[in-house]
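Structure first, then comments.
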Amino acid sequence: MVQTLRMRQIGLGLAMLVGALIFFLWTPGLGESQPQLPPISTTTAASSSHSRLFGPDYHGRSNSANINRVTNSTLGFSKVFVIGLPERTDKRDAMALTSSLTGFNLIIVEEDLESALIMEDDMDWDVRLQSQLETVAKGTRTLLGSSSKPNSPYGDDWDLLWLGHCGEIFPEQLDENKGEPLYSKFVIKDDKTVPPRDKITGLVDFKAHPEFTRWVHVTGAPICSFAYALSKRGAQKVLFDLSVDRLNANFDNALGTFCRNGGSKKGDPTGLHANCLSVTPPVFFHHRPKGLIGSESDINDHGDDNNKIREKGTTENIMWSARNNIRNMLMNTKMESQF
Ligand SMILES: *[C@@H]1O[C@H](CO)[C@@H](O)[C@H](O)[C@H]1NC(C)=O
């Protein structure tokens, strides 16, 4: 949370790099989706031929120009932030929150952003991220029941979009829901950016569903806050929940509790009812770079593995890893698939 909302300056350089990378993504087309209820369902057509549409030329292929806003240089959010080592400054966060609610701004909220995408600095994604996000935006809009011209291209009234996680389940899988399907899901079928079933990692029983399916769904109980977007209201709720109200767990867990079970809408009347939506399998995942395994993490000590060399970078759940295809993007050569 601290790292979330402080939106630290040091992230900006990296954010620009990420922005630049995103700008050069290759995005084969996705077909239009036809949501139906329930469950909400959409089919994305197989990617078209080898039309290589790099950055400045790619402005989305959705019928709705409004949805195509997700292909801009900040992915349809106000800004993209990349965070490094977090440090606790919950007192300042409390001040910032309180001041913003009172009507003046200190830091963070200072820029008065409508939304922000926050990601850890080891993130990876499919080179087709922007077209994935068009479909994701259709999903979030549908689940939120948004107007056709919402303020955010992802729809109105969301607090947090959980786009990168290391595992997530559907709300009906939670013990407290006893299998009750409380919420509709937006089903993306035949998504060519979803890895084959035996390669996906996560907590959903993927074998129980058709292969190459991705879901946009009400958040169940996600693990790892790799990449998530906050709306302004969501940011304020997170600040309140995690710094003012309590700070009793590590950030991942606290954010997971904040969003758990759709913000526990039907539960605690004093709760914040966070309107959180997730994408599963996720569209962001952390990258394990090639090179010395010991140099990879700021936190983990890999013990005996410290001196081992990884010959090739890997990223779970991502088909055409942007990290592994940097040269291909630069040289306009064929994209390499991980799976
Ligand atoms: C991208 O789109 C979002 C949503 O419309 C907007 O808030 C943001 O300012 C845009 N980014 C740029 C760089 O124009």
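Below is a table of values for the structure above.
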quantity: Estimated FRET transfer efficiency when R0 is 30 angstrom, pair E336-L292 (beta carbons, to 0.05); calculated: 0.85
quantity: Two-site label geometry, E114 and R327: point separation in nm, points 7 Å out along Cα→Cβ; calculated: 4.1 nm
quantity: Neighbourhood charge, 15 Å Cβ-Cβ cut-off, centred on S152 and excluding it, Lys, Arg +1 and Asp, Glu -1; calculated: +1
quantity: Listed peptides 136-144, 190-198, 113-121 by packing density, highest first (mean Cβ within 10 Å); calculated: 136-144, 113-121, 190-198
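Throughout, read-outs are computed from the coordinates displayed, never taken from laboratory work. If you're wondering where the values come from, they're calculated on a predicted model, not measured in any experiment. Positions of Cβ are generated from backbone atoms using ideal geometry, with glycine treated the same way; all protein chains shown enter the neighbour counts.
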